[in-house]
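The values are calculated or read from the model by the stated rules, or taken from the named source; none is laboratory data. What you see is a predicted model, and the numbers here were worked out from it, not measured in a lab. Quick reminder, even Gly has a Cβ in these numbers, built from the backbone with ideal geometry, and neighbours come from all protein chains shown.
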């Protein structure tokens with residue numbers, strides 16, 4: 001495993017198998033909101049395994065995806081071999097000013113320690129009149145999450161878990177709100193801002209849902225704390241708990257904010 005539990009390097013396979021197919025629909029919506037079209041130059045920041053970048057490429061754009069996780073990029077090269085991918089940090093993008101017509105950031109804004117700093121560099125590489133579009137999770141805990149956290153709190157104290165998660169996704173709660181998301185985009189200098197709310201529904205087998213938990217921040221942190229044997233035991237308890245409480249397959253419903261603005 002990676003020495004830094006916040007890294008996605010060790011969970012790329014699980015992420016791509018379980019989550020990437022379900023993120024395709026909000027990725028297409030983000031691309032549509034941004035007005036990506038044939039011939040456009042697009043940067044996808046925090047591309048992961050390339051779901052948003054693939055949606056932009058299918059719209060006819062020339063796309064580059066960037067991510068700091070080498071494990072996710074390696075998986076993206078296998079899963080989506082036509083993409084151009086670069087290892088880079090969002091706050092130090094290796095591109096000149098005004099290179100891209102559209103800059104996309106799907107479900108990454110809440111992870112930045114200083115979103116305003118990251119947005120500054122994202123806008124730096126956008127052309128005048130270009131578009132920045134982002135997506136964020138807008139919902140709270142559901143019955144599935146509550147069941148999972150009950151199990152997690154049995155092995156990692158809440159007092160240790162919550163501050164650690166706050167460091168990994170410091171602005172999750174902030175960007176669940178449309179007004180706060182709009183405010184930070186406006187403060188970054190964007191104009192003609194649009195924020196839309198959308199709801200998506202997915203089905204998971206219980207086995208897939210539980211396997212996918214390793215990709216979330218909670219799973220990555222807990223796994224780093226209790227080791228592989230402890231993680232295996234926790235997954236077994238989760239399988240028994242979910243089988244007792246929920247139908248299989250499980251029907252999941254998530255709310256997303258999609259926002260865009262224009263650089264002037």
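The criterion of at least 2 residues that are surrounded by fewer than 21 Cβ atoms within 10 Å (Cβ to Cβ), touching a residue at least 12 places away in the same chain (Cβ under 8 Å) and within 13 Å of the chain's Cα centre (by Cα) is met by the following helices (runs of 4 or more DSSP H) wholly inside region 1-109: 20-34.
When the test is whether a residue is closer than 23 Å to residue 134 by Cα and either at pLDDT 95 or above or under 22 Å from the mean Cα position of the chain (by Cα) (or both), residue 207 does not pass it.
Residue 121 meets each of the listed conditions (1) part of a strand (DSSP E or B); (2) more than 20 Å from residue 17 (Cβ to Cβ) apart from (1).
Conditions tested, residue by residue: (1) surrounded by fewer than 18 Cβ atoms within 10 Å (Cβ to Cβ); (2) part of a strand (DSSP E or B); (3) under 17 Å from the mean Cα position of the chain (by Cα).
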residue: 184; (1), (2), (3): no, no, no
residue: 194; (1), (2), (3): yes, yes, no
residue: 198; (1), (2), (3): yes, yes, yes
residue: 218; (1), (2), (3): no, no, yes
residue: 234; (1), (2), (3): no, no, no
residue: 241; (1), (2), (3): yes, no, no
residue: 253; (1), (2), (3): yes, yes, yes
residue: 257; (1), (2), (3): no, yes, yes
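All told, residue 222 falls short of being farther than 25 Å from residue 9 by Cβ, surrounded by 16 or more Cβ atoms within 10 Å (Cβ to Cβ) and within 20 Å of the chain's Cα centre (by Cα). Per this entry, residue 142 is not counted among residues that are surrounded by fewer than 20 Cβ atoms within 10 Å (Cβ to Cβ), more than 17 Å from the chain's Cα centre (by Cα), under 20 Å from residue 52 (Cα atoms) and in contact (Cβ under 8 Å) with a residue 24 or more places away in the chain. Based on this model, can you work out whether residue 264 counts as farther than 17 Å from residue 154 by Cβ, modelled with pLDDT under 95, surrounded by fewer than 19 Cβ atoms within 10 Å (Cβ to Cβ) and out of contact with any helix residue (DSSP H, G or I) (no Cβ under 7 Å at 6 or more places or on another chain)? It is true that residue 264 is farther than 17 Å from residue 154 by Cβ, modelled with pLDDT under 95, surrounded by fewer than 19 Cβ atoms within 10 Å (Cβ to Cβ) and out of contact with any helix residue (DSSP H, G or I) (no Cβ under 7 Å at 6 or more places or on another chain).
If we keep just the residues of region 167-178 that are over 18 Å from residue 117 (Cβ atoms) and outside any loop (DSSP other than H, G, I, E, B), which is farthest from the chain's Cα centre (by Cα)? Applying the filter and picking the extreme gives 178. Checked against the criterion of being surrounded by fewer than 16 Cβ atoms within 10 Å (Cβ to Cβ), closer than 23 Å to residue 8 by Cβ and in contact with a helix residue (DSSP H, G or I) (Cβ under 8 Å, 6 or more places away or on another chain), the candidates 168, 207 yield just one match: 207.
Applying the criterion of being out of contact with any strand residue (DSSP E or B) (no Cβ under 9 Å at 6 or more places or on another chain), part of a loop (DSSP other than H, G, I, E, B) and modelled with pLDDT of 95 or more to the residues of region 130-156, the residue that is nearest to residue 118 (Cα to Cα) is 156.
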